[in-house]
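Visitor: Shown below is the structure under consideration.
The numbers here are math on the coordinates, done by the rules we state, and not lab data. None of these values were measured; they are calculated from a predicted model. Glycine gets a Cβ as well: all are built from the backbone with ideal geometry, and neighbour counts include every protein chain shown.
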Amino acid sequence: MSLQIYINGTFYDKENAKISVYDHGLLYGDGVFEGMRSYSGKVFRLREHMDRLYESARSICLQIPISKEQMEADVMATLERNQLHDAYIRLVVTRGSGSLGLDPNRTADPQVIIIADHIALYPAEFYESGLKIITAATIRNHPAALSPRVKSLNYLNNIMAKIEGLQAGCVEALMLNHKGEVAECTGDNIFIVKRGHLQTPPKDAGILEGITRNAVLELARTLNIPVSEVTLTRHDILVADECFLTGSAAEVIPVIAIDGRSIGSGHVGPVTKQLMTEFKAMVHR
Ligand code: PMP
């Protein structure tokens with residue numbers, strides 16, 4: 001059976017899952033989304049993803065046509081329908097189809113789309129040996145232009161930085177904010193370890209408040225690893241002992257070099273290893 005895609009309460013074969021070319025999600029990137037993971041049939045931090053989705057929607061004046069409870073049930077129904085237990089789930093809400101103009105009042109029927117598919121993780125070698133990343137010249141969106149806390153369909157800012165990374169032979173790239181401080185990577189949050197102390201940029205650095213980031217902060221507190229959300233500069237990354245990234249798709253992934261320079265020993269560090277192991281255990285609890 002072909003993959004079943006949810007659109008507005010109905011399931012369609014992948015080949016027949018379609019929305020209008022007049023949808024403002026397509027025409028203008030006008031909409032919001034979430035990327036989630038299920039482990040053994042349970043969606044990791046489903047409620048947190050719902051909270052972020054509905055907050056993103058509220059921030060852009062988009063009324064999601066169903067309740068959070070209904071959305072959660074529909075996510076679970078999509079997994080069951082496809083008999084998927086360990087999956088990546090993409091939830092998209094568009095503004096709906098309208099006229100060929102920006103006016104969101106001329107749109108109707110926001111489209112709610114749920115895709116559950118097999119996970120596309122980075123290759124295992126990246127988890128064993130660590131990633132090499134670069135600092136992108138493209139800065140993260142100015143929060144007063146479009147808040148990076150909104151997980152909107154407008155990802156061009158991150159895509160431009162991703163292209164810079166790929167052109168340099170790296171699958172991820174660090175983005176600074178408009179003040180030149182460390183923000184996050186194109187699809188992942190960033191952490192460093194310095195003298196046993198875990199550090200990550202605060203929410204007001206202009207980042208997406210990652211659900212994996214929050215889970216790792218919680219884990220660190222439980223494990224009595226000193227941790228702070230603090231302004232970081234590129235210098236802090238260059239002189240860090242360890243560095244890693246977090247994201248729903250990537251989970252916890254080590255970084256061993258930036259801009260051609262080794263971070264710490266140039267190997268995956270002990271705190272990173274511990275958090276990778278503990279995170280694996282956490283998602284199955
Ligand atoms: N930052 C950005 C820009 C992202 O797109 C994502 C999600 N891929 C993250 C951080 C990580 O967020 P989460 O842990 O909620 O997946």
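Visitor: Classify segment 73-188 as rounded, prolate or oblate from the Cα gyration tensor: take a ≥ b ≥ c as the square roots of its eigenvalues, call it rounded if a/c is under 1.5, otherwise prolate when a/b beats b/c and oblate if not.
Guide: Here segment 73-188 falls in the oblate category.
Visitor: Can I ask one more? Please report the net charge: other residues with Cβ closer than 10 Å to the Cβ of ILE134, K and R +1, D and E -1.
Guide: Result for the neighbourhood of ILE134: -2.
Visitor: Non-local amide H neighbours of LEU174 (under 5 Å, H modeled in plane, Pro and chain starts lacking H): which ones?
Guide: Here ILE134, THR135, ALA136 satisfy the definition.
Visitor: Can you check how the C-alpha radius of gyration of the chain compares to 2.2 N^0.38 Å, as a plain ratio?
Guide: It is 1.02.
Visitor: Here's something else I'd like to know. With all pairs of different alpha carbon atoms counted, what Kirkwood hydrodynamic radius in Å does segment 153-212 show?
Guide: 12.4 Å
Visitor: Relative to the first principal axis of the alpha-carbon coordinates of the chain, what is the inclination of helix 46-59, with its axis defined by its Cα atoms, in degrees from 0 to 90 and to the nearest 10?
Guide: 70 degrees
Visitor: Please state, rounded to one decimal and in Å, the Kirkwood hydrodynamic radius that segment 4-117 gives when every pair of distinct Cα atoms enters the mean of 1/r.
Guide: Result for segment 4-117 stands at 14.3 Å.
Visitor: Using the Cα centre of segment 124-283 as the reference point, and only Cβ charges (+1 on K/R, -1 on D/E), how large is the resulting charge dipole? Debye, rounded to the nearest 20.
Guide: Computed about the Cα centre, the dipole is about 200 debye.
Visitor: Among the chymotrypsin sites (Phe, Trp or Tyr not before Pro) in segment 1-92, which ones are in a DSSP loop with at most 16 other Cβ atoms within 10 Å of the Cβ? Mind listing them?
Guide: TYR22
Visitor: On to the next question. If amide H atoms are built 1.01 Å from N in the plane of the peptide, which residues on other chains or at least 5 residues away come under 5 Å of the amide H of GLU242?
Guide: VAL193
Visitor: Enter the per residue convex hull volume of segment 137-271, computed from alpha-carbon coordinates, in Å³ rounded to the nearest integer.
Guide: 100 Å³
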